[in-house]
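Derivation of every value follows stated rules applied to the coordinates shown; laboratory data play no part. Worth saying up front: this structure is predicted, and the values here are computed from it rather than measured. Quick reminder, even Gly has a Cβ in these numbers, built from the backbone with ideal geometry, and neighbours come from all protein chains shown.
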Amino acid sequence: MPDLHEKLAPIFDEVVARNPGEAEFHQAVHEVLESIGPVVSANPEYTDAEVIRRLCEPERQIIFRVPWTDDSGKVQLNRGFRVEFNSALGPYKGGLRFHPSVYLGIIKFLGFEQIFKNSLTGMPIGGGKGGSDFDPKGKSDAEVMRFCQSFMTELYRHLGEYTDVPAGDIGVGGREIGYLFGHYKRITNRYESGVLTGKGLTWGGSRVRVEATGYGTAFFVADMLAQEGSSFEGRQVVVSGAGNVAIYAIEKVHQMGGKVVACSDSNGYVMDPAGIDLDLLKEIKEAKRGRLTEYAERIGSRVKYVSDGSIWDVPCEIALPCATQNELNAAGAERLIANGCQIVAEGANMPTTPEAIRLLQSAGVKFAPGKAANAGGVATSALEMQQNASRDSWSFEYTEERLAEIMRSIHTRCLETAETFGAPGDYVVGANIAGFTQVADAMLALGII
Ligand code: NDP
Ligand code: 2IT
């Protein structure tokens, strides 16, 4: 790992000592601290007021028991989390993840990333994240509903449209947000639409929220390509994952003239030289919550299904990791470079390992970090909150244009900030410094809290 600025190294050591065993959290903190050295040198007030040490300590962390009863009548137990990381810019905002791998370190890494991502959107939202080690796979709708109701029975007291506003993430989509919102409404006797985002269109949701993260990532890449006078037209693209972010990244890439030839789930990847058939993918993954093996079975011999390989072996000019953290490692990066990949943009949160990022950047591959490239989801959540506050409902076209504008502005801010701090074209430095500065200035203004 590269050395940190002399004032930041002891802060990082303290984070590791105070948060033992939370490797993903350490990784996320290190990446930000690596970038902000020049800002700290130029602005001693940040360290004088201990802004960075305070930023690395969540304002509040809630851990709770979530008991529920399965369809056979057996009592099941999970653990729930909500880390309310930073509210300098607005109410805590960030998704809920339901996945068996969830523990405090995952929620803290996600909450930490969310602070800077939300800052970059320019919307008035702080950073937070939550979730549970509950595994929705193989559960009936009734089981998912009972789990969500039990989860909300504890969490509701910490939420509110001005306090903390969750949304979806891995394993949490429209179905779960519905059960969570229904139970919040019942417990509080308030139709408080702005307390959750990602709602359905008939009960306070925003158009384009379902599509927003994937579309936003594709818009961001289109802006990167436009920098060199190019576009998606005729480009071969690989997208990992086959969930919400991946599906809508594929949709927008196809609309913009690119061809996505591979996608994956946690069991394997499919390679379809004709381009991924999106209607079929949506039917299998969205409607039936099925597996990608069915995609290969339904299309037949044209498609290759690989269960024991890496999707990064598939040649492409543009790679969009859209599944989960640390899914693109050094070996994957080397394969992408060898195959002539030119752009990697993160639809997922922290999918690329630090070593892989360094390899890609040194080989001249343009790299867009998640806190910039996947910010379209949370930005559209903020647009949903705006519509809820004004009891309004915008058209698809208007909302999509707002999303595209926000992604353009994030892209410009990243490039301008990187240039100012002597790292032209480095989106990681640009995103971290631009995101950090706005939060740090607000924290200075708000006093020692
Ligand atoms: P979904 O649950 O809809 O889809 C997740 C996809 O990733 C699935 O294909 C899943 O495969 C795969 N996956 C999940 N965990 C693993 C794992 N441990 N190993 C291998 N594959 C895995 O989630 P989203 O699409 O919403 O989220 C994907 C990424 O995007 C996450 O990093 C999330 O934090 C990030 N993100 C999401 C936003 C949103 O608005 N939803 C906004 C910004 C970022 P399988 O079905 O087999 O589990
Ligand atoms: O990682 C993310 O930005 C999300 N999962 C979306 C958060 C949100 O509040 O919409």
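Within the range 156-186, being outside any loop (DSSP other than H, G, I, E, B), of a type in the set (A, V, I, L, M, F, W, C) and closer than 17 Å to G127 by Cβ holds for V165, A167. Screening the candidates K304, K282 for the property of being closer than 24 Å to A375 by Cα and surrounded by 14 or more Cβ atoms within 10 Å (Cβ to Cβ) yields one hit, K282.
If you go through the range 342-366 and keep only what is more than 13 Å from ligand 2 (Cβ to nearest atom) and surrounded by 24 or more Cβ atoms within 10 Å (Cβ to Cβ), you end up with V344, A345, T352, A356, L360. Take the conditions within 13 Å of ligand 1 (Cβ to nearest atom), without any contact (Cβ under 8 Å) to a residue 40 or more places away in the chain and not aliphatic (A, V, I, L, M) and apply them to G127. Does it pass? Taking the combined requirement at face value, the residue does not satisfy it. Of Y179, Y162, all but one fail to be of a type in the set (F, W, Y) and touching a helix residue (DSSP H, G or I) at 6+ places or on another chain (Cβ under 8 Å); the exception is Y179.
Filter the range 118-139 down to the residues that are more than 14 Å from N86 (Cβ to Cβ) and in a strand (DSSP E or B), then identify the one that is farthest from ligand 2 (Cβ to nearest atom). Among those that are more than 14 Å from N86 (Cβ to Cβ) and in a strand (DSSP E or B), it is S132. A count restricted to the range 235-278 and to residues that are free of Cβ contacts under 8 Å to residues at least 24 places away in the same chain and surrounded by 20 or more Cβ atoms within 10 Å (Cβ to Cβ) stands at 1.
Residue count for the range 370-398, restricted to those that are of a type outside the set (F, W, Y) and more than 10 Å from the chain's Cα centre (by Cα): 17.
The lone criterion from (1) out of contact with any Gly (no Cβ under 7 Å at 6 or more places or on another chain); (2) of a type outside the set (S, T, Y); (3) within 16 Å of ligand 2 (Cβ to nearest atom) left unmet by L104 is number (3). Residues satisfying the criterion are absent from the range 221-238 (criterion: in contact with a helix residue (DSSP H, G or I) (Cβ under 7 Å, 6 or more places away or on another chain), within 16 Å of ligand 2 (Cβ to nearest atom) and not β-branched (V, I, T)). Can I115 be described as under 30 Å from F436 (Cβ atoms), without any contact (Cβ under 8 Å) to a residue 40 or more places away in the chain and either part of a helix (DSSP H, G or I) or away from ligand 2 (no atom under 16 Å from the Cβ) (or both)? Against the criterion (under 30 Å from F436 (Cβ atoms), without any contact (Cβ under 8 Å) to a residue 40 or more places away in the chain and either part of a helix (DSSP H, G or I) or away from ligand 2 (no atom under 16 Å from the Cβ) (or both)), I115 does not qualify. Filtered by the rule that a residue be aliphatic (A, V, I, L, M) and either closer than 21 Å to A218 by Cβ or within 16 Å of ligand 2 (Cβ to nearest atom) (or both), the range 316-341 gives I318, A319, L320, A323, L328, L336. Here is the figure for the range 369-410: residues that are in a loop (DSSP other than H, G, I, E, B), more than 13 Å from ligand 1 (Cβ to nearest atom) and either at positive phi or not small (G, A, S) (or both) total 3. Of all residues in the range 370-382, at least one satisfies being within 15 Å of S119 (Cβ to Cβ), touching a Cys at 6+ places or on another chain (Cβ under 7 Å) and of a type in the set (A, V, I, L, M).
The residue that is nearest to ligand 1 (Cβ to nearest atom), among those in the range 295-330 that are charged (D, E, K, R) and over 19 Å from the mean Cα position of the chain (by Cα), is D308.
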